[in-house]
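Notes follow the structure.
Taken together, the values in this text are just the output of simple stated rules run on the coordinates, not laboratory data. The shown structure was predicted, so the numbers you read here are calculated from the model rather than taken from an experiment. For neighbour counting, all protein chains shown are included, and Cβ atoms are generated from backbone atoms with ideal geometry for every residue, glycine included.
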Amino acid sequence: MKQLLTLLFMIMSLTAQGQFFKDLYKELFKYSTLYVAGDITNSYEEPVKDYFVRTNPDGGLYDIPEVVDGTDYHEFDYRYGFGIRKLARFDYEIKDKHYYDGSEKNTGLSAPTSAVKGLEYVFHFERERERGEMFENHKYFIRHTGKYHIVKLESRAKGNVDFKYKSAEIRGRLPIGKKFSFSVGAIYRSHQKPYGYNPIEIWLNETDENGNAANPWYTLGFEYGYDDHYTTIQYQGQTLHEWYWTDPDGEIVAHTDLEFRETVFTDLMNQYNQERWAELDAFGVLSPIIGMDFIHYKNNFWVHFYANYLPPYHKYIQGDEAYSYLHRDCWKIDGYDPAKDGQQWEDYQGGLVFGWKLSKSIGIFVEGEYTKFWDSEIYNSSVGLNITLK
Amino acid sequence: MKLWILLLILPLYTLHGQNFKADISIVQFSAPFTSDAEISLKPFNDFHIYNFCITEKADIFKKEKIKFLPTVILYNNGKEIIRVESDITLSLPEDCKDTILKHIDKLIESKF
């Protein structure tokens, strides 16, 4: 009897577990797509070839020179990646291709409300070669939408533009009717860039007790192993004095100070800034967020309008706040002014998708999205009037 | 000017027209004397659900050409996807719920 009861219990337990895993699979993976994809394209080709002449090694300056093609040629560009996605399209969105390859742009990634309730996600990782350089990109996105809540996590990185972004948000959602919803919550966002802080400008403007430049501009060259050498030139009976510059290998890189400043020095300035900025940790800011969505769809007429507003109550919780966007106005050419208070700001995002098929042969279509986060503005829009001739 | 008025009015008209068919909607058409034969629409709670009674919305019954009571219709964005009607015994088929769920599944799958 005891054995029978144990067996019965085990069967019930396995059945329950089976149902649990079935439900889990349904929630996590039903409708998801696993993919591996890639593409190969021609690399960028310079519109005009760049030639220069080299003195013939067997001759002199006035012998026939050697013409050299100095154009930059790159190997073909390619991209390969893999991922899994379960992200619903709104009814007005059509699938671009018969397959997914990670390059899709869905409104569902930026609109507060999703096309279906429940769990949605995109996990995409790729490597790409562009103009001979290798980059890694990723897009991780996970969202759960219910009647009264939205929870979203996102991480994006685009190697060729050195872009990294992370966000996490939680909102309460209030549906008003079937087409409108309003949401309020909090969002965490990260940014890499320090705002208002220009290290090279501060370094160049540093003065000593006599008011003279503490770091004359040319000393930046010395910092990076360049050196200047005094020379005199006899030209048309005159003696000219000049400084020429050599790189750390002793190769001449500029024949005058002016040439050095206009060429090598510019690169060194940017390198200096990049190095100083790279010393700073990423910033993380917590903000309130208010969103709305209106969506109406019929086969011949659709409108989807969505907006997110982040009011000026931001709080930095990660990174050195002195270099953050909050203190962007505290930086002057002579450094940080601690007496100045941080300046709050407003961020917002909005999008509109509109389509109206006036008849079987005439249609008007408008799509656009605008995002203003910190001092970055990203916008794209398109409009189309289609007339089909029969 | 007329064109602008038309451009404003037409979308508004479209927005307010036939709300019960919006998105994925399940509508049960019934009458007081067939209430025992109705199915529960709870399994479709994630979608828009409506129970219409002939004594209250006779015009909709006429417009939707309801011939049998009860009748359950699945709509998607204004379009009728499937109609499940009762038989002469005034009861809906046993697989009514499963049939509708199967069609909803297809609709959702097409979004991914």
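Looking at A:Gln271 and the list (1) part of a helix (DSSP H, G or I); (2) touching a strand residue (DSSP E or B) at 6+ places or on another chain (Cβ under 8 Å); (3) not acidic (Asp, Glu), which single condition is not satisfied?
All conditions pass for A:Gln271, except number (2).
With the requirement that a residue be acidic (Asp, Glu) and farther than 15 Å from A:Glu275 by Cβ, what does the range A:202-224 give you?
Here is the first cut: in the range A:202-224, the ones acidic (Asp, Glu) are A:206, A:208-209, A:223.
Scanning the range A:202-224 gives A:Glu206, A:Asp208, A:Glu209.
What residue, among those in the range A:257-273 that are surrounded by 15 or more Cβ atoms within 10 Å (Cβ to Cβ) and more than 20 Å from A:Asn198 (Cα to Cα), is farthest from the chain's Cα centre (by Cα)? Full working, then the answer.
As a first pass, look at the range A:257-273 and keep what is surrounded by 15 or more Cβ atoms within 10 Å (Cβ to Cβ): A:257, A:259-261, A:264-265, A:268-269, A:272-273.
Checking the rest, the ones that are also more than 20 Å from A:Asn198 (Cα to Cα) come to A:257, A:259-260.
Details: A:Asp257: 37, A:Glu259: 35, A:Phe260: 33 Å.
Checking each candidate, the answer is A:Asp257.
Counting only residues that are touching a helix residue (DSSP H, G or I) at 6+ places or on another chain (Cβ under 9 Å) and in a strand (DSSP E or B), which one in the range B:51-70 is farthest from the other protein chains (Cβ to nearest Cβ)?
Step by step, filter the range B:51-70, then rank; the result is B:Cys53.
If you go through the range A:372-387 one residue at a time, do you hit one that is surrounded by 16 or more Cβ atoms within 10 Å (Cβ to Cβ) and among the polar types (S, T, N, Q)?
Taking the range A:372-387 and keeping what is surrounded by 16 or more Cβ atoms within 10 Å (Cβ to Cβ), we get A:372-374.
From what is left, the residues that are among the polar types (S, T, N, Q) are none.
Among the residues of the range A:372-387, not one is surrounded by 16 or more Cβ atoms within 10 Å (Cβ to Cβ) and among the polar types (S, T, N, Q), which makes the answer no.
One line per residue, one yes/no per condition, for (1) free of Cβ contacts under 8 Å to residues at least 24 places away in the same chain; (2) in contact with a Gly (Cβ under 9 Å, 6 or more places away or on another chain); (3) within 13 Å of another protein chain (Cβ to nearest Cβ):
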| position | (1), (2), (3) |
| --- | --- |
| B:Glu38 | no, no, no |
| B:His48 | no, no, yes |
| B:Gly78 | no, yes, yes |
| B:Ile88 | yes, no, no |
| B:Ile100 | no, no, no |
| B:Glu109 | yes, no, yes |
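Mind checking which residues of the range A:97-121 are touching a residue at least 60 places away in the same chain (Cβ under 8 Å), over 19 Å from the mean Cα position of the chain (by Cα) and within 18 Å of A:Gly351 (Cβ to Cβ)?
A:Pro112, A:Thr113
Give the residues of the range A:122-178 that are of a type in the set (Gly, Ala, Ser) and more than 15 Å from the chain's Cα centre (by Cα), sorted by residue number. Break it down stepwise before answering.
Filtering the range A:122-178 for residues of a type in the set (Gly, Ala, Ser) gives A:132, A:146, A:155, A:157, A:159, A:167-168, A:172, A:177.
Hits for the range A:122-178 are A:Gly132, A:Gly146, A:Ala168, A:Gly172, A:Gly177.
Can you find a residue in the range A:89-109 that is within 28 Å of A:Asp162 (Cα to Cα) and among the basic types (Lys, Arg)?
Among the residues of the range A:89-109, at least one is within 28 Å of A:Asp162 (Cα to Cα) and among the basic types (Lys, Arg), which makes the answer yes.
I'd like the full set of residues that are aliphatic (A, V, I, L, M) and either in contact with a Pro (Cβ under 9 Å, 6 or more places away or on another chain) or more than 14 Å from every other protein chain (Cβ to nearest Cβ) (or both), limited to the range A:285-301.
Pass one, the range A:285-301, residues aliphatic (A, V, I, L, M): A:285-286, A:289-290, A:292, A:295.
Correct list: A:Val285, A:Leu286, A:Ile289, A:Ile290, A:Met292.
From the residues in the range A:298-334 that are under 22 Å from A:Ile170 (Cβ atoms) and among the small types (Gly, Ala, Ser), which one is nearest to the chain's Cα centre (by Cα)? Talk me through it step by step, then tell me what you get.
Of the range A:298-334, the ones under 22 Å from A:Ile170 (Cβ atoms) are A:306-319.
Adding the requirement that they be among the small types (Gly, Ala, Ser) leaves A:307, A:319.
Values: A:Ala307: 21, A:Gly319: 19 Å.
So the residue we want is A:Gly319.
Criterion first (part of a strand (DSSP E or B), free of Cβ contacts under 8 Å to residues at least 40 places away in the same chain and more than 14 Å from chain B (Cβ to nearest Cβ)) does A:Tyr379 satisfy it?
Details: part of a strand (DSSP E or B): yes; free of Cβ contacts under 8 Å to residues at least 40 places away in the same chain: yes; more than 14 Å from chain B (Cβ to nearest Cβ): yes.
Against the criterion (part of a strand (DSSP E or B), free of Cβ contacts under 8 Å to residues at least 40 places away in the same chain and more than 14 Å from chain B (Cβ to nearest Cβ)), A:Tyr379 qualifies.
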